[in-house]
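Below is one structure, written out as structure tokens; comments come after it.
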Amino acid sequence: MPSKPKLGQNFLHDETAIRRIVAALGDCSRSTVVEIGPGRGAVTRALTQAAAHVIAVELDTELAARLREEFPPERLTVVHQDVLEFNFAAAAASTGEPLAVVGNLPYYITSPILLRLAACHAALDRAVLMMQREVAERVAAGPGSRDYGLLSVTAQMHGPVQQLFTLPPGAFSPPPDVHSTVIRWRFAPRFTELGVDELSFLELVRSAFAQKRKTLANNLRAAGVAQDAVALGLELAGIDAQARAEALSIEIFADLWKALRATAHFEPQHAPSPKAH
Ligand code: SAM
């Protein structure tokens, strides 16, 4: 069956990399692991040996059917669905514990998948994910670096991210145009610890990074925050009036959120919610 580039089908054939991906999940002998995009089952085969049960979410009809033929249902549940619509909360509720997630991601929707996992954090324990190297660098970047931005703050607000190893295009068939990096992301959200409301904090971060060339103050004004409130908020948070969002650590973003809330902007829409496990 030919691969479908539109679905990001670059199949991994490096056995060492497959072993390292599964090992990076840690002990999952009593856990259910959700695999995103199992494809022809390269990772799935090793995973079904290591995990108590695997739920594999695959959009491609033929690949999903082939996986159902190859693996017994007691080891693998194949869900033929777009992972962006997969109900992680229901899966975690049915297993009774937060899930481990693994995936050699379809690169055309890496960011939406990361944002979806972030939004489902209460159902998740950890994720080991392969993505385009440049995206992994953005996810793991710290303040002040060229790669630091919305994806970095959003991911790291939901828990620490570690880059594990990088693979050349030749590890895949067909080879993609880019190098690929595997990351591990432990879900340990920081909203309660930093005293910020999740939804309005993430809204503030989105506004702050809206236009990379603009200063933080200009981006906030463009998002509808009054000039006086911006000036006061930055001053209260101890941020230079000319600063750009790329310079702000997560802790300073939290200070800014609190300072702007004091000026009646970015009001919490929901009370801060502790992680559900
Ligand atoms: N895990 C396999 C491997 O490592 O060889 C395949 C990885 S391939 C990079 C990405 C897989 O994600 C493909 O099997 C593709 O069909 C599947 N996929 C693409 N879009 C998807 C989506 N929206 N939801 C679920 N799976 C998707």
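The values are calculated or read from the model by the stated rules, or taken from the named source; none is laboratory data. Worth saying up front: this structure is predicted, and the values here are computed from it rather than measured. Every residue, glycine among them, receives a Cβ derived from its backbone with ideal geometry; neighbour counts consider all protein chains shown. For accessibility, only protein heavy atoms count, side chains too; no ligands or nucleic acids. Shrake-Rupley method; radii C 1.70, N 1.55, O 1.52, S 1.80 Å.
Check whether at least one residue in the range 221-237 is in contact (Cβ under 8 Å) with a residue 40 or more places away in the chain and surrounded by fewer than 18 Cβ atoms within 10 Å (Cβ to Cβ), and report yes or no. Spell out how you get there, then give the answer.
So in the range 221-237, the residues in contact (Cβ under 8 Å) with a residue 40 or more places away in the chain come out as 225.
Now narrow it down to the ones that are surrounded by fewer than 18 Cβ atoms within 10 Å (Cβ to Cβ): none.
No - not one qualifying residue is present in the range 221-237.
When Arg68, Arg116, Arg126 are checked against the criterion of being away from the ligand (no atom under 13 Å from the Cβ) and open to solvent by 60 Å² or more (accessible area, probe 1.4 Å), a single residue qualifies: Arg68.
Would you confirm, using the coordinates I've provided, whether Gly142 is more than 16 Å from the ligand (Cβ to nearest atom), farther than 23 Å from Gly41 by Cβ and open to solvent by 10 Å² or more (accessible area, probe 1.4 Å)?
Working: more than 16 Å from the ligand (Cβ to nearest atom): yes; farther than 23 Å from Gly41 by Cβ: yes; open to solvent by 10 Å² or more (accessible area, probe 1.4 Å): yes.
So Gly142 fits the description; yes.
Once the range 42-65 is narrowed to residues that are within 7 Å of the ligand (Cβ to nearest atom) and farther than 15 Å from Met130 by Cβ, the residue that is most open to solvent (accessible area, probe 1.4 Å) is Leu59. Only one of the numbered conditions (1) open to solvent by less than 30 Å² (accessible area, probe 1.4 Å); (2) touching a residue at least 60 places away in the same chain (Cβ under 8 Å); (3) part of a loop (DSSP other than H, G, I, E, B); (4) over 26 Å from Glu15 (Cβ atoms) is violated by Pro176, and that is (4). Only one entry in Val22, Val83, Val34 is under 22 Å from the mean Cα position of the chain (by Cα), within 12 Å of the ligand (Cβ to nearest atom), open to solvent by less than 20 Å² (accessible area, probe 1.4 Å) and closer than 23 Å to Gly170 by Cβ, namely Val22. The set of residues from the range 198-219 being more than 19 Å from Leu114 (Cα to Cα) and either out of contact with any helix residue (DSSP H, G or I) (no Cβ under 7 Å at 6 or more places or on another chain) or open to solvent by 30 Å² or more (accessible area, probe 1.4 Å) (or both) comprises Gln211, Lys212, Arg213, Lys214, Thr215, Asn218. Can you confirm whether Glu203 is without any contact (Cβ under 8 Å) to a residue 12 or more places away in the chain and of a type in the set (Asp, Glu)? Criteria not met by Glu203.
For Gln9, the conditions (1) more than 7 Å from the ligand (Cβ to nearest atom); (2) in a loop (DSSP other than H, G, I, E, B) are fulfilled apart from (1). Regarding the range 112-123, can at least one residue be identified that is within 25 Å of Lys6 (Cα to Cα) and of a type in the set (Val, Ile, Thr)? Yes.
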